[in-house]
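Reading through the structure tokens given below for one structure.
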Amino acid sequence: MALDPLRDGHGRSIGDLRVSVTDRCNFRCQYCMPAEGLRWLEREQILTFEEITRLVALLSSMGVHDVRLTGGEPLVRRGFPRLAAMLADLPDVRELSVTTNGFLLERDAEALVRAGIDRFNVSVDSLQRDRFYQLTRRDALPQVLRGLERLASFPEAHPIKINAVAIRGFTEEEVLPFVQLARRTPYEVRFIEFMPLDGDRAWSEESVLTGAEIRALVQAVHPLEPCGREPHATARVYRFADGPGKIGFINPVSEPFCADCNRIRLTAEGRLRTCLFSLHETDLRSPLRAGASDAELERIIRQAVWRKELKHHVGEPGFIQPARTMSAIGG
Ligand code: SF4
């Protein structure tokens, strides 16, 4: 049964839910996690498949029809394709997508496509093996590229988007190899500005290589034509004027897209985050496990979302980096 649409106090309708299904990851990306990893949640602390499905069913009946599955690295959660199938079966879930580092895609691509995942975002920050290793602390590029190829062999899996985090002093050398990839393959490459959500708290504004700077590097070689930004979308997409392919820029630091933000997040342990940079969270696991009805959960969710932040304050005086790191939020 459809419930009233979920809205925040600024009049924005919420339509996109990011669900972190685990805080664990098999990579140690420098812009996200310390080399030694983090203290992982215990099994009983994270939501079960049934609990995730119940919350997604409730939220989707409030108009949150797009669901993205994230982590940590979602494919390390045992039985993940089964969860994907449970969510794909929900009548009010219209789009089901996953963000993955691609390391386990060769193994799981078919199961995920069969489970009903519509869209895939694969995080790849370098196309050079040694530099990939330098950034992720894993010698995994060949495995990731094989996984991408396997995924691309399923027509249902397209569009496949490749997300590269842009860091000054590292990504400049990666721009043209990624441009070539976007021009010769069906993958849509997007560069994402580095955000202050890293475990080492090493982020600084100087370390952000902006979308505009990368666009200038691209245009010096290949002219670009804007395709515009879809409502609520994070990426500004361009097509090459002199050939096939698209490239996108996600610029949360230099060109924030908060005004029409329609996103909320659910952490692996069942906390509702109304913004990527929230300093407050709402616990849904406790009422869920205490036997709360859907109506009670709905009331808690609506109250929390009504207080959703208007925007982030990155780069402003007084900005406070959230205690929770990207790996425990899921992007
Ligand atoms: S920073 Fe917060 S308000 Fe802005 S787009 Fe991201 S989630 Fe939305």
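The values are calculated or read from the model by the stated rules, or taken from the named source; none is laboratory data. What you see is a predicted model, and the numbers here were worked out from it, not measured in a lab. Reconstructed Cβ throughout: ideal geometry from the backbone, glycine too, with neighbour counts over all protein chains shown. Side chains are part of the model used for accessible areas, which takes the heavy atoms of the whole protein and leaves out ligands, DNA and RNA. Shrake-Rupley method; radii C 1.70, N 1.55, O 1.52, S 1.80 Å.
Here are the numbers for this structure:
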item	result
Check on L224, under 23 Å from D125 (Cβ atoms) and free of Cβ contacts under 8 Å to residues at least 24 places away in the same chain	yes
Residue among D118, D92, D139 that alone is open to solvent by 10 Å² or more (accessible area, probe 1.4 Å), modelled with pLDDT under 95 and among the charged types (D, E, K, R)	D118
Residues of segment 296-315 satisfying the condition of being open to solvent by 70 Å² or more (accessible area, probe 1.4 Å) and either touching a residue at least 40 places away in the same chain (Cβ under 8 Å) or away from the ligand (no atom under 12 Å from the Cβ) (or both)	E296, R299, Q303, W306, R307, L310, K311
Subset of segment 316-327 (residues that are under 22 Å from N262 (Cβ atoms) and either more than 13 Å from the ligand (Cβ to nearest atom) or assigned to a loop (DSSP other than H, G, I, E, B) (or both))	P322, R324
Residue among V179, V208 that is modelled with pLDDT of 95 or more and more than 22 Å from V314 (Cβ to Cβ)	V179
Pairs, first open to solvent by 30 Å² or more (accessible area, probe 1.4 Å) in segment 245-262, second of a type in the set (V, I, T) and away from the ligand (no atom under 15 Å from the Cβ), C-beta under 6 Å, six or more apart	K246/V237; S254/T210
Selection within segment 216-262 - within 16 Å of the ligand (Cβ to nearest atom), charged (D, E, K, R) and in a strand (DSSP E or B)	R236
Residues within segment 316-331 that are of a type outside the set (A, V, I, L, M) and open to solvent by 60 Å² or more (accessible area, probe 1.4 Å), tallied	3
Given (1) on the phi > 0 side of the Ramachandran plot; (2) outside any loop (DSSP other than H, G, I, E, B), index of the condition I301 fails	(1)
The listed residue being closer than 24 Å to D108 by Cα, in contact with a Leu (Cβ under 7 Å, 6 or more places away or on another chain) and in contact (Cβ under 8 Å) with a residue 40 or more places away in the chain, out of F154, F120, F132	F120
Hits in segment 275-295 (condition: surrounded by 22 or more Cβ atoms within 10 Å (Cβ to Cβ) and touching a strand residue (DSSP E or B) at 6+ places or on another chain (Cβ under 6 Å))	L284
Filter result for the condition that a residue is in a strand (DSSP E or B), of a type in the set (A, V, I, L, M) and farther than 30 Å from L181 by Cβ, over L272, L288	L272
Test: residue in segment 152-175 that is surrounded by 15 or more Cβ atoms within 10 Å (Cβ to Cβ), closer than 19 Å to F132 by Cα and among the polar types (S, T, N, Q)	yes
Any chance E149 is surrounded by fewer than 19 Cβ atoms within 10 Å (Cβ to Cβ) and closer than 17 Å to N251 by Cβ	no
Conditions (1) at positive phi; (2) modelled with pLDDT under 95; number of the one not met by G291	(2)
Segment 263-276: number of residues that are within 16 Å of the ligand (Cβ to nearest atom), closer than 20 Å to R24 by Cα and not basic (K, R)	4
Test: residue in segment 176-189 that is open to solvent by less than 10 Å² (accessible area, probe 1.4 Å), acidic (D, E) and on the phi < 0 side of the Ramachandran plot	no
Criterion (surrounded by fewer than 22 Cβ atoms within 10 Å (Cβ to Cβ), touching a strand residue (DSSP E or B) at 6+ places or on another chain (Cβ under 8 Å), acidic (D, E) and under 23 Å from D23 (Cα atoms)) met by exactly one of D66, D125	D66
